Amino acid sequence: MLDIKFIRENRELVELAAKKKHIECDIDRLIAVDDKRKKLLGKVEEKRAEQKVANNAIVKANSEERDNILEKMKVLKVELGREEEALKEVMHEWQGLMLSVPNVPDASVPEGASEEENVVIKTWGDKPKFDFEPKDHTELMIGLDMVDFERGVKVHGFRGYFLKNAGAMLSWAIWNYAQHFFLRKNFTPFIAPAIVHKNFFYGTGHLPGGAEDIYQTQDGDYLAGTAEVPMMAYHAEEILDKAELPKRYLAFSPCYRREAGSYSKDVKGLIRVNEFFKLEQLILCEASHEESVKFHEELNRNMEEFIESLGIPYQQLAICTGDLKGAHVKSYDTELWVPKEGRYREIASASYYHDFQTRRFNTRYKDDDGKIKYAHSLNATAAPTPRILVSLIENFQQADGSIRIPEVLVPYMNGLSEIRK
């Protein structure tokens, strides 16, 4: 959420940001409602002050004076109640309009209308050259008894799966290796809850848009699709000391996405599943653009180094304005090479937000001068399973249908260097 003062003082910039992101927001209406909000708030505060003065006066008043004060207070209470109700209605509209205003993208974000105009900024690794016809990950994993999709659908439904045998071992190996890899980067480890109160999804920007892709419980809570949500909520309504910053968290959690609207896409295999597991990097830092940029590049590089250590070819994209999410200032996507498809597939993202999220969470810190400021937030994927298995298995397949294990994972596979029948 942007500061209303910033919106009023930088109206043209905010409107341009919304236009670049292809997000509709009515700044004229927001300012008009904000004027009404401030006027009503002034009246409410004035009457509450009158109530306080009257309450103090009653203590010192005689019987006749007390009756007069009480009579006036009855009228004041009715007027105050009426204005508080009006303020409540205005605040509801004001909050909705504020939530519709997107963050301002960084000047370095490429302009574009959609994901087709995202810019490739890096490619790494040599694509494998097979002297045989490569198989896709589903055929390979079924042949090696690493997965059971048929029983997965029976138990879960559409997009269901069971990882088994070496498939389960490989996932555990990735989790354990990723844990050791990223903890060397000075992160504090967490296992985060997946069931999170609805209001925190508004905090991260996953709501109000994207509601159809989120699972809900019968109690009105939601299932998170990323540990970003619970980890941002971890410091909600808190004031931190500047000396505590940056907060550097590595969080593991189960994740849930309905994949609504993609029923005809990637219906086979492990590309789009409803339930998965992910390690997420998250940083809270001081309110400095330079610090945000520095940590954004660091988080992104951490993830690159992890992929490179596995030896999987990838490309990286700078997300253009038209594909940039409303909350993001800047974002990179990393895509891994999938040999059978002959294309790269998204595996990770790295984004920063300035104080857009922390304003909604009311996460602040006390600066050296004693002033209270909103922290800046950033996050990036560390390791997602089972999607990473798709590229790993296809890139390391061999002519006989076996899978070579990347060297760095062998110690986490009980010494197993190949998966074969």
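Since every read-out is calculated from the coordinates, none of them should be taken as a lab result. Because the structure is a prediction, the values reported are computed rather than measured. For neighbour counting, all protein chains shown are included, and Cβ atoms are generated from backbone atoms with ideal geometry for every residue, glycine included.
Brief remarks on what is shown
- Kirkwood-based Rg to Rh ratio, the stretch 4-100, C-alpha trace: 1.25
- Rounded FRET efficiency, nearest 0.05, which uses the C-beta distance separating D219 from L416 and R0 of 51 Å: 0.75
- Karplus-derived HN-Hα couplings along the stretch 214-219 (A = 6.51, B = -1.76, C = 1.60, θ = phi - 60°), whole Hz, x at Gly and Pro: 10, 6, 10, 9, 5, 8
- Maximal additional length on extending the I195-V155 stretch stands at 12.3 nm, based on 0.36 nm per residue less the C-alpha distance.
- The structure shown yields volume of the Cα convex hull per residue in Å³, and of the options (i) 175; (ii) 156; (iii) 147 that calculated value carries the label (i).
- Looking at the stretch 162-253, the chymotrypsin sites (Phe, Trp or Tyr not before Pro) that sit in a DSSP loop and have at most 16 other Cβ atoms within 10 Å of their own Cβ are Y215.
- Segment K268..D28, full-extension length gain: 81.7 nm, with 0.36 nm per residue of separation and the alpha-carbon distance subtracted.
- Amide H contacts under 5 Å for A348, placed H, 5+ residues apart: T334
- Helix-only [θ]222 nm of the chain, DSSP H runs n ≥ 4, -39500 (n - 2.57) each, per residue, nearest 500: -13000 deg cm²/dmol
- For the chain, size of Cβ-based charge dipole, Lys and Arg +1, Asp and Glu -1, in debye: 640 debye
- Estimated dipole of the stretch 92-205 in Debye, rounded to 20 [Cβ of Lys and Arg +1, of Asp and Glu -1, Cα centre]: 640 debye
- Remark: the Cα gyration tensor places the stretch 172-233 in the prolate category, a/c being 1.5 or greater and a/b exceeding b/c.
- Placing pseudo-labels 7 Å out from each Cα toward the beta carbon at F6 and E297 gives an inter-label distance of 2.2 nm.
- For the stretch 4-100, with +1 on Lys and Arg beta carbons and -1 on Asp and Glu, the positive-most of L87, L97, L40 along the dipole: L97
- Principal semi-axes of the equivalent ellipsoid, √(5λ) from the alpha carbon gyration tensor of the stretch 81-176, are 48, 27, 13 Å from largest down.
- Cα centroid separation, the stretch 16-43 to the stretch 279-346 (Å): 32 Å
- Compared with the alpha-carbon gap, the fully stretched path from A107 to N362 is longer by 89.2 nm at 0.36 nm per residue.
- q = 0.13, 0.26, 0.28 Å⁻¹, the stretch 268-327: log10 I(q)/I(0) [Debye, one scatterer per Cα]: -0.55, -1.23, -1.20
- Between the amide H of F162 and those of D148, F149, G152, distances stay under 5 Å, these residues lying 5 or more places away or on another chain, with hydrogens modeled in the peptide plane.
- Within the stretch 64-90, backbone nitrogen closer than 16 Å to the virtual label 7 Å beyond the Cα of E45 toward Cβ: 84, 87-88
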